[in-house]
Amino acid sequence: MYPRIAHLLQSLLHADTPVTGEQLAAELGVTSRTVRSDIKLLHQLISSHGAEIQAMRGMGYELLISDQPAFEDWLMRQVSWASFGVIDPADRVSFVIRTLLLTEGYVKLEDLADQMYVSKSTVQNDLKIVKHQLDAYGLQIITRPSYGLKISGEEYQLRLCMSEFFGNQVDEEGLNDAGAHRYIRLFSRDELSRVREIVIHSMRRHSLFFSDRGLDQLAIHILVAIRRIREGHPILSLPAAWMPSATSREAMAALDIAAVLESSTIMSFNQSFSEEEVAYLTMHLMGTELLLEVGNTQQVAMTAIDQEYQAYVNLMIEEIEASLKLGISQDSDLAWGLSLHLKHALSRIRFGMSLTNPMLDSIKLAYPLAFQAGIIGAAVLQEQSGLDISEHEIGYIALHIGAALERLKDRAAVKKCIIVCSTGLGSARLLYQKINRHFGSRLEVIGTFGFYNLDQAPLDNIDVIISTVPLPAELPVPVVVVQTLLQSTDMQQIEKLILDLDHVPLRFLREELTFQQLDLESREDILDFLCKELESRDLVNADFRESVKQREAIASTAYGNRTAMPHPLVPQTKETFGVICTLQKPVLWGDKLVQLVCLLCVGKASQEELTSMYDTLIHVTESAELVEQLVRAETFEQLSNIFFLR
C-alpha cells in the first residue's frame, strides 16, 4: 500500500463522522477526482477483509468495519506502523524503539526512514533521543557498518523495556482499539485475556489484591516473558540481592501461574519455567500496583507488612509532622496503607521496574500540601533505604497523605472556642448554654476563662474566642466581642466568623507582598525578585531562597492553569502567608507556562490554617477563568475579591 492510500485510510479510521471528498482532497493535496479514484481502490483492497467504504449522499465517505479481527489482521499485514500516527518526533522515537525491540538481527537506517517516510538525517536526529530513552533501561544501540542497528543489553532490562513500550496502550477493556493493530505482532487480544484469567485465579487463591491497571501491566510482563522464552531468550540469572523469598504469597502464586502456563496453548512449547523465570515472575508480582478492599482483606494484607516498611513509615510521618504539623501522626489508616504501599513500591524500585503515575499533574494541582508532605517523606525514605524515589512514586505517597488530610477535615469540621466573661459564673454559664443551643455541633465551647487568666487558655487548640470584654489585638485567634445576654447581632457576628473560618483569613494575603503585572523573563528571575522582597522586609533569612530552589529542583511547583506555587522545603517563617505575583506575559516554569505565582511562606509555630490556605488557593487555581481574572487584576482589592469569591 503506497503512502497516499495509507494516509487516506488513516483519515477515515480517525474520523467520527463521514468525511467529504473536498476535505480529503485538501488533506491529501490532490483533486476530488483523485480522491474518488483512491476511494475506489481502497474499497477494493478492504472489502474482502471485513470492512468497506460507504459513500453517503450529501455527507461524504465513511469506513464501516463488519469484522474487526479480520480487518485488524489484514491491517497489520498490509500497513506499516508508519502509516498510522508516526508523524511527530515522539511517535518516530517510539516506532524506532519498538521496531528494534522486535527485530532479532540488525535494522538498516534506510529501512527505518522508508517505513516512516522521512529522510535518513531525520532518523539520525531521532536516534539521539532513542539512545537517551534506552539508557534509562541500561540498554545500548550497537551500530555495525553495512548491517545497521540493534539493541544490546541484559535480558531482564530488555523485557522491562518491551513491557513499557508495548504495554502503555492497554486500557480497561484490554487492548486499546486505536492502537490494536500495533499489538498483533507482540500478542493477541485473546492471549491477553487468557493470561489475565490465569493471574486472577491465582490472585484469589493466594489473597493478592492488584489494581486493574496493575493486573494489565502484570499480564503484559508475562506475555513478554512468554515471547522471549519462545524465541530462545530465557532469563539465565538474576542478581542475588533481587532474589525474592521462595515462601512468600507472591512466590507461591508465581509457581501456580507458571504451572498453568506450561500446560496452556499460550506457551506452545514443551519445557518448564526455570527457577530464574519463576523468580522473575515473583518479582513482578511483588512490584504490582495494589488495590485493597475493606474488612477481612485489610486483615489479610496486614500480616504481609514487614517491620522494615512500618519503620520507614513511622520515620516518614515523624518528619512530616515535625516539618508541617499536619496532625496525621495518629492516623492508623495512613500508617497501614502507606506501609503496604511501600512494600510493593520499594520492590519495584529495587527490581528496576518503572511505574509512571498518570495522575501526577492532577495530584500536584489538587493536593499540593499532600505532595509537599510526600516530598519530605520521600527524602526520609531515600535516606533510610538508599533507593532513589522518583517524582511518580512521590505522587503515590501523596495520595495516601491526601486521604489522611481528608479524614482530618471530617474530624475537624467542628470549630472550637473559649468564652471570656468578666461578670461571674452565672453569666458565663448562660452564655455557654445559648451558644450551645444556637450553634449546636458546629461550635464546641471547650472552656470559660476570665480576662485575668487568659494566659492559661489553650489558644493553640481553638479557632475563636467569644468575649464579653475587649481583648488585646495580638492574640493568635479571632475574637468576637458580644454582650453578656446575646443579641441577634451577636449571633450574626458569630455565624459570620464560623463561615469565615472555613475560608482562608485575609491576613494570608498582604497588599505589601502582592506584585501585579511584573515584567520578568524566567522562573529564576521571579524567585530571586520575590525572595529579595521578603529579605528586605526581614521576613526571611538568607537560607529561605536556597530552600525554595532546592524544592524546585526536586519537582516543579507549576501545577497547570498557568499557576505555580513555590515554597521552601520546610517551614522557614514565623507566620503563614502568601506572596502573590502576576506577570505581563507567561514564562516557562519547568515544562509549563506560568503567569500567576503564589510563593507560600509556611509558619513554623502552627499549621492549623495551612490546609485552609491551600484549599483556597486550589479553589482559585483550578479554575482557568479565575486565574485569568487574577492575571488581569490591576489592584490588590480586585485580586483579593477574586481570591475570596466562593
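The values are calculated or read from the model by the stated rules, or taken from the named source; none is laboratory data. This structure is a prediction, so every number in the text was calculated from the model and none was measured. Here the Cβ is made from the backbone with ideal geometry for all residues, glycine too, and neighbour counts use every protein chain on show. Just the protein is used for accessible areas: all its heavy atoms, side chains included, with ligands, DNA and RNA removed. Shrake-Rupley method; radii C 1.70, N 1.55, O 1.52, S 1.80 Å.
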Original post:
Just the accessible area for I222, please: 1.4 Å probe, Å², rounded to the nearest 10?
Top reply: 10 Å²
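Could you sort T265, T103 by accessible area so the largest value comes first, with the probe set to 1.4 Å?
Result of the area sort, largest leading: T265, T103.
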Subject >> Label-point gap, in nm, between S264 and E27 - each point 7 angstrom along Cα→Cβ >> reply: 3.9 nm
**OP:** Output the pairs from K108/K592; K343/K549; K549/K574; K364/K585; K496/K592 with a Cα-Cα distance over 28 Å in this structure; if there are none, say none.
**Re:** K108/K592; K343/K549; K496/K592
**OP:** Binning at 10 Å from 0, report for the stretch 521-646 what percent of all alpha-carbon pair distances ends up in each bin.
**Re:** 12, 45, 38, 5
Subject >> Dipole magnitude (debye, nearest 20) for the stretch 369-482, charges at Cβ of Lys, Arg, Asp, Glu >> reply: 940 debye
Original post:
Using alpha carbon coordinates only, what is the Rg to Rh ratio of the stretch 1-44, with Rh defined as the Kirkwood radius?
Top reply: 0.91
Original post:
What does the accessible area of T635 come to, in Å² to the nearest 10, when a probe of 1.4 Å is used?
Top reply: 60 Å²
**OP:** Kindly report, to the nearest 10 Å², the accessible surface of I151 as traced by a 1.4 Å probe over protein heavy atoms only.
**Re:** 20 Å²
Subject >> Protein accessible area in the stretch 438-572, 1.4 Å probe - carbon and sulfur % >> reply: 50 percent
**OP:** Residues in the stretch 27-44, backbone N under 15 Å from the label point at A15 (7 Å along the Cα-to-beta-carbon vector): list them, ranges by number please.
**Re:** 27-43
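Just the number, please: carbon plus sulfur as a percent of the accessible area of the stretch 3-42, 1.4 Å probe, no ligands or DNA/RNA counted.
In the stretch 3-42, the share of accessible area belonging to carbon and sulfur is 49 percent.
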